[in-house]
Amino acid sequence: MTSAILLQALGLVLDPYVLMVIFFSALFGLFVGCIPGLTATMATALLVPVTFFMPPIPAVAAIVTATAMAIFSGDIPGALLRIPGTPASAAYTDETYRMTLKGQAELALGAGLVFSAIGGLFGTFVMILFAPALADFALRFSSFEYFWLVVLGLSGALIASSAGRLKSAISLLVGLLIASVGMENPAAHPRFTMGINDLMGGVDLIPMMVGMFAISELLRYVTNMAPPAVIVTEKIGNIFAGMWQLTKKYPWQILRGSTVGTVVGIQPGAGGDIAAWMSYATSKKFSKEPEKFGTGHVEGVVESGAANNSALAGAWIPAMVFGIPGDSITAIAIGVLYMKNLNPGPTLFTNNPENIYAIFMVFILANLVMIPLGWLTVKLATKILRVASNILMPSILLFCIVGSFAINNSVFGVTLILFFGLLAFVLEENGFPIAPAILGVVLGKMLEENFVTSMIKSDGDPLVFFTRPIAMWLALATFVVLIWPVGAWAVRKLRSLG
Amino acid sequence: MKINDALSGAILLAFALLILFLIRDYPTIPGQNIGPAAFPGLLAGLLAVCSLALIWRGLRQQPRGRWLEFGAWIRSGLHLRNFLLTIASLLFYILASEALGFIVTATILLAILFWALKVRPGLIVPLAIGVTLLIHLIFYKGLRVPLPWGILLPVQW
């Protein structure tokens, strides 16, 4: 039975079309990650209009592969230009740049590549081990448990946010409100459509994401006044030299980075960037030679390089099991799964197990092809970094326009990317993070549906939200997560007064 | 464009109140005392509380600074122009693509942006046409997206 499913899954993945999609998305991800200003999230947003035309497995494969590659290749401009290619590389950009100045660019990029792949594989194996069991457990959940699960996920996203909690909360509420536009609600009443027919079905997720992640980046590019960066080295030798010695020297660091990364990834709202920052700090704290950190020392790069890629896999666990995204990339991916009628949730594991196993295999494959293709990218890096951004950026703008038009063959999609691009640009300029808004939009319908269903079931008695055992524990966890910072703040205040 | 927290809070508060106003006469599900107004109403209430906290925080900030502060790029004519051109090019596409067709609109749009971002003059027109045709090939031929032909309809391929 299981082996039959595995063979079926293998058949889905080894399809020549799927392999071709993986290959080209890998090159695309490596390229986008390498260009400063184009992030892994943006790579996903640009891919989504194209995946719209694919069957489910290649669509997911494209996203998984491109993001894994982009997270690694973000290390390249970090080491060569001191500009992180994606936010996930920011934690150790200074370190790798200093290594390059010391003539160790090979070691920095090699460590980034090899331990990214190891971290990614680690996260994948955790996912393979735990996701099916978790899905089995989740089959017992009713609307009450789902309600609390979504609230818990959203509260966790606020706590994990690196920006201020108040502004994250506002961003989240705005996202949830955007999700309530349209007729898809109890009683099918057209809400906030302002008489626009295109809004009857709600705000289309894809144009919104393209606007928030791609158009806003383009606006930041044209308003960026920083002088162009200079590439510090031209020749990059064998990046695999010394990797085995590093593995033997830092086994605990690799394991710790991968574990922290996976756990942070599972946590909704926190992705590769937070995982890398946390792991870099942990690495320094427990290092035998913390004084070397910041001077071009490879230890922190090994640990946080593993962390950001394992976070990527970790984020898929709640995404597939509960339909709750672990970061903005999986938030986009969940949108794609819904469009493909591959609704994430525990039933996906029982009804279509071959699809789940195929996704697991795509993860393994993506992390394996990362090594040769990543090597190739490093070899070509000094050329890629010279790609004229003044030609690239307008071309990306046109791509965004066509991509958002293609979803409904309507120019209204272009209106949406303009609106949400400007909105995201202004929000970010004022310190409101974008990730909570995306989580809100993706989870809004699910939250409302479970809230209203539970309210109807409970016949107006709010106590029912707490009486089922699992629901009670989830509710308790939510309150702890939400009250913890308030409590800690109150204790600090009292101490400072007394 | 940096908006003072107190001012952003006031804008958000107005937004929350507007939502509460809009949902006041939404129907309920027949036979239930809950309906499509409950969820947005709850959210708007929470948003109003958060905006009040933001206003309070903005007013308490010392020194308070100006209500609106413009980044350096707004004072740099070139960057402001490029920002406005990017927005204008999207508006241009929304308004003109149906009548002029994708190929003409996209070529004009790219040529203007390439010029604004200082691509070498000799390259501007060939690149604008080349990129447009490439994207047209991918989406129109490859993915079968019905991009409008507009004035080129008689010679469509």
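The values are calculated or read from the model by the stated rules, or taken from the named source; none is laboratory data. Please read all numbers here as calculations on a predicted model, not as lab measurements. No Cβ is skipped: glycine too gets one built from the backbone with ideal geometry, and neighbour counts run over all protein chains shown.
Inspection of the range B:72-85 identifies no residue that is within 16 Å of B:L13 (Cβ to Cβ), modelled with pLDDT of 90 or more, part of a helix (DSSP H, G or I) and more than 7 Å from chain A (Cβ to nearest Cβ).
If only one of B:G101, B:G122 is modelled with pLDDT of 90 or more, of a type outside the set (F, W, Y) and at positive phi, which one is it? B:G101 is the lone residue from the list that is modelled with pLDDT of 90 or more, of a type outside the set (F, W, Y) and at positive phi.
Taken together, A:F125, A:F147, A:F213, A:F130 contain a single residue that is more than 11 Å from every other protein chain (Cβ to nearest Cβ), assigned to a helix (DSSP H, G or I) and without any contact (Cβ under 8 Å) to a residue 40 or more places away in the chain, which is A:F125. Across the range A:29-45, the qualifying residues are those that are over 14 Å from the mean Cα position of the chain (by Cα) and in a helix (DSSP H, G or I), and the one among them that is farthest from A:G374 (Cα to Cα) is A:V32. When A:G296, A:G269 are screened for being modelled with pLDDT under 90 and buried (at least 23 other Cβ atoms within 10 Å of the Cβ), only A:G269 passes. Of the residues making up the range B:31-52, those that are surrounded by fewer than 15 Cβ atoms within 10 Å (Cβ to Cβ) and of a type in the set (A, V, I, L, M) number 2. Against the conditions (1) at the interface with another protein chain (Cβ under 10 Å from one of its Cβ atoms); (2) surrounded by 19 or more Cβ atoms within 10 Å (Cβ to Cβ); (3) part of a helix (DSSP H, G or I), B:G58 satisfies every one except (1). Identify, from the list A:V232, A:V174, A:V222, A:V181, the residue that is touching a Leu at 6+ places or on another chain (Cβ under 9 Å), farther than 20 Å from A:I71 by Cβ and surrounded by fewer than 20 Cβ atoms within 10 Å (Cβ to Cβ). Within the list A:V232, A:V174, A:V222, A:V181, the selection yields A:V232. I need the full set of residues from the range A:184-210 which are in contact (Cβ under 8 Å) with a residue 24 or more places away in the chain, outside any helix (DSSP H, G or I) and within 12 Å of chain B (Cβ to nearest Cβ), in order please. Selection gives A:E184, A:N185. Taking the range A:417-434 as the range and being crowded, with 19+ Cβ neighbours inside 10 Å, facing chain B (nearest Cβ under 10 Å) and either among the hydrophobic types (A, V, I, L, M, F, W, C) or in contact with a strand residue (DSSP E or B) (Cβ under 8 Å, 6 or more places away or on another chain) (or both) as the test, the residues that pass are A:I417, A:L418, A:F425, A:L427, A:F432. Please verify whether B:A53 is in a helix (DSSP H, G or I) and within 9 Å of chain A (Cβ to nearest Cβ), treating the condition exactly as stated. Against the criterion (in a helix (DSSP H, G or I) and within 9 Å of chain A (Cβ to nearest Cβ)), B:A53 qualifies.
The residue of the range B:110-124 that is nearest to B:G150 (Cα to Cα), among those that are part of a helix (DSSP H, G or I) and facing chain A (nearest Cβ under 7 Å), is B:L110. Taking every residue in the range B:24-50 that is within 22 Å of A:F147 (Cα to Cα) and pairing it with any residue that is aromatic (F, W, Y) and assigned to a helix (DSSP H, G or I), at least 6 positions away or on another chain, the pairs with Cβ-Cβ distances below 8 Å are B:A38/A:F451; B:F39/A:F451; B:L47/B:F15.
Restricted to the range A:148-171, and to residues there that are under 30 Å from A:P469 (Cα atoms) and hydroxyl-bearing (S, T, Y), the residue that is surrounded by the most Cβ atoms within 10 Å (Cβ to Cβ) is A:S155.
Taken as a whole, the condition of being within 8 Å of chain B (Cβ to nearest Cβ) and in contact (Cβ under 8 Å) with a residue 24 or more places away in the chain applies to A:L397. Does the range A:401-412 contain any residue that is buried (at least 24 other Cβ atoms within 10 Å of the Cβ), within 30 Å of A:G195 (Cβ to Cβ), within 23 Å of the chain's Cα centre (by Cα) and more than 9 Å from chain B (Cβ to nearest Cβ)? Yes, the range A:401-412 contains at least one residue that is buried (at least 24 other Cβ atoms within 10 Å of the Cβ), within 30 Å of A:G195 (Cβ to Cβ), within 23 Å of the chain's Cα centre (by Cα) and more than 9 Å from chain B (Cβ to nearest Cβ).
Residues in the range A:5-12: is at least one of a type in the set (V, I, T) and either at pLDDT 90 or above or within 26 Å of B:Y140 (Cβ to Cβ) (or both)? Within the range A:5-12, not a single residue is of a type in the set (V, I, T) and either at pLDDT 90 or above or within 26 Å of B:Y140 (Cβ to Cβ) (or both). Out of everything in the range B:13-37 that is within 7 Å of chain A (Cβ to nearest Cβ), over 24 Å from the mean Cα position of the chain (by Cα) and aliphatic (A, V, I, L, M), what residue ends up being farthest from A:L177 (Cα to Cα)? It comes out as B:I29. In the list B:L95, B:L117, which residue meets the criterion of being within 18 Å of A:L397 (Cβ to Cβ) and buried (at least 18 other Cβ atoms within 10 Å of the Cβ)? Step by step, each of B:L95, B:L117 is checked, and only B:L117 is within 18 Å of A:L397 (Cβ to Cβ) and buried (at least 18 other Cβ atoms within 10 Å of the Cβ).
Against the test of being crowded, with 22+ Cβ neighbours inside 10 Å, more than 26 Å from A:F213 (Cβ to Cβ) and not hydroxyl-bearing (S, T, Y), the options A:M472, A:M455 yield a single qualifying residue, A:M455. Scanning the range B:72-97 for residues that are in contact with a helix residue (DSSP H, G or I) (Cβ under 9 Å, 6 or more places away or on another chain) and among the basic types (K, R) turns up just one, B:R81. State yes or no: is B:P63 touching a strand residue (DSSP E or B) at 6+ places or on another chain (Cβ under 7 Å) and not aliphatic (A, V, I, L, M)? When the stated conditions are applied, B:P63 does not pass them. When you check B:A44 against the structure, is it facing chain A (nearest Cβ under 8 Å) and either modelled with pLDDT of 95 or more or part of a helix (DSSP H, G or I) (or both), yes or no? Criteria met by B:A44. Evaluate the range A:380-389: report whether one residue or more is within 11 Å of chain B (Cβ to nearest Cβ), in contact with a strand residue (DSSP E or B) (Cβ under 7 Å, 6 or more places away or on another chain) and not charged (D, E, K, R). No, there is no match, as no residue in the range A:380-389 is within 11 Å of chain B (Cβ to nearest Cβ), in contact with a strand residue (DSSP E or B) (Cβ under 7 Å, 6 or more places away or on another chain) and not charged (D, E, K, R). In the range A:275-293, what residues are surrounded by fewer than 18 Cβ atoms within 10 Å (Cβ to Cβ) and either within 21 Å of A:M370 (Cβ to Cβ) or not basic (K, R) (or both)? Selection gives A:A281, A:F286, A:S287, A:E289, A:P290, A:E291.
Under the condition of being at the interface with chain A (Cβ under 10 Å from one of its Cβ atoms) and of a type in the set (V, I, T), which residue from the range B:86-106 is nearest to the chain's Cα centre (by Cα)? Per the stated criteria, the residue is B:I87.
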